[in-house]
Structure formats: C-alpha cells, structure tokens
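Below you'll find the structure, written out as structure tokens, and then a few comments.
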C-alpha cells in the first residue's frame, strides 16, 4: 500500500522499497502531503494499466457508468533513492 494510515494521520510509502516520507498529515491535508513529497523528490503518478490485446479502452474510452461507485485510480509512489539510476550500479 502506498498511503498508510497511522491513527488519524496519513503517510506516503514507497512501492519498491520500505522507505516512507517522514512527515504525517491529517486526511484533510492530503493535497499538501502529495505536494510536499513531490517537492522532496518523490514521483507520484497514475499507474499505467496492464494492456491486453483485446482491450480497446485506451482508444475508445470506457463505457459510461450507469450505477455504482467509480473505482479508485491506482497510483505509484517512488522515493528519491529508487529513482536514482545508480541504485543498482548501472551499465558502466
């Protein structure tokens, strides 16, 4: 899970390692938490959906929802350490 709850506070956690953004925020400050993490070098973006050969929603969009609740958009959260190209060594 990328956003964890500690009591009444939320915290951003990396999807690829056990690191987490050190500050915790109340739920109403969610936008501030995301902005602060991005300022600190975190990359937070929508996850790319897995593509199927039979799926054409990327070309034509999805059918309009008639009933029910929209599914939450999955996001990826990557810390600055995992972004660095020299984390595992590299090609040179």
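Numbers at a glance
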| read-out | value |
| --- | --- |
| Qualifying positions in segment 20-29 - in contact with a strand residue (DSSP E or B) (Cβ under 8 Å, 6 or more places away or on another chain) and under 19 Å from residue 41 (Cβ atoms) | 20, 21, 23, 24, 25 |
| Helices (runs of 4 or more DSSP H) wholly inside segment 21-92 containing at least 1 residues that are modelled with pLDDT under 90 | 57-60, 80-83 |
| Residue count, segment 6-19 (criterion: free of Cβ contacts under 8 Å to residues at least 40 places away in the same chain, touching a strand residue (DSSP E or B) at 6+ places or on another chain (Cβ under 8 Å) and not in a loop (DSSP other than H, G, I, E, B)) | 3 |
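The values are calculated or read from the model by the stated rules, or taken from the named source; none is laboratory data. What you see is a predicted model; the values in this text were computed from it and never measured. Cβ: placed from backbone, ideal geometry, glycine included. Neighbour counts: every protein chain shown.
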